[in-house]
Amino acid sequence: MLPAVRMFTPQLISLVLVTYLSAVQGRLPCHLVNATISAEKDHCPVCITFTTTICSGHCWAKDPVYKTALAAVKQKICTYKDIRYDTIKLPDCLPGTDPFFTYPVALSCDCDLCKMDYSDCTVESSSEPDVCVKSRLDM
């Protein structure tokens, strides 16, 4: 007769835990992070770079096995939960040019559907947020 096999040995539990942790490694949950962005306008000769808070991180997603046209798949993303808007003044703008630049500051984040009112939810790549075309002034 064969000896009884223990189903959950410490080695098996350790292997499952290590596999899980390696699968989620680098996927921090949705949270606030500091980001450097740039502000520039036509008729203002200087680009200003500054730091603000944005939302970044991983949100759990479900991809249905059976997809139909009748069942809409709603993907949640890491987005702003609460925001405020701050304004900076760009220096040396030509007369008649609005020198003020308004930008969002994340106060808290959440995994939610994309809010197109103030978020860009596309997956196309773009230039880095701190790229300046004009001469740069860091704040």
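Taken together, the values in this text are just the output of simple stated rules run on the coordinates, not laboratory data. None of the values given here were measured: they were computed from a predicted structure.
Potential lengthening of the chain between Asp98 and Val33 amounts to 20.5 nm, from the contour at 0.36 nm per residue minus the alpha-carbon distance.
If the cut-off is 26 Å between C-alpha atoms, which lysines fall inside it for Lys41, apart from same-chain ones fewer than 8 positions away? Of all the lysines, those that pass the test against Lys41 - Cα under 26 Å, at least 8 places apart if same chain - are Lys89, Lys115, Lys134. Between Leu70 and Asp42, residue separation times 0.36 nm minus the direct Cα-Cα distance comes to 5.4 nm.
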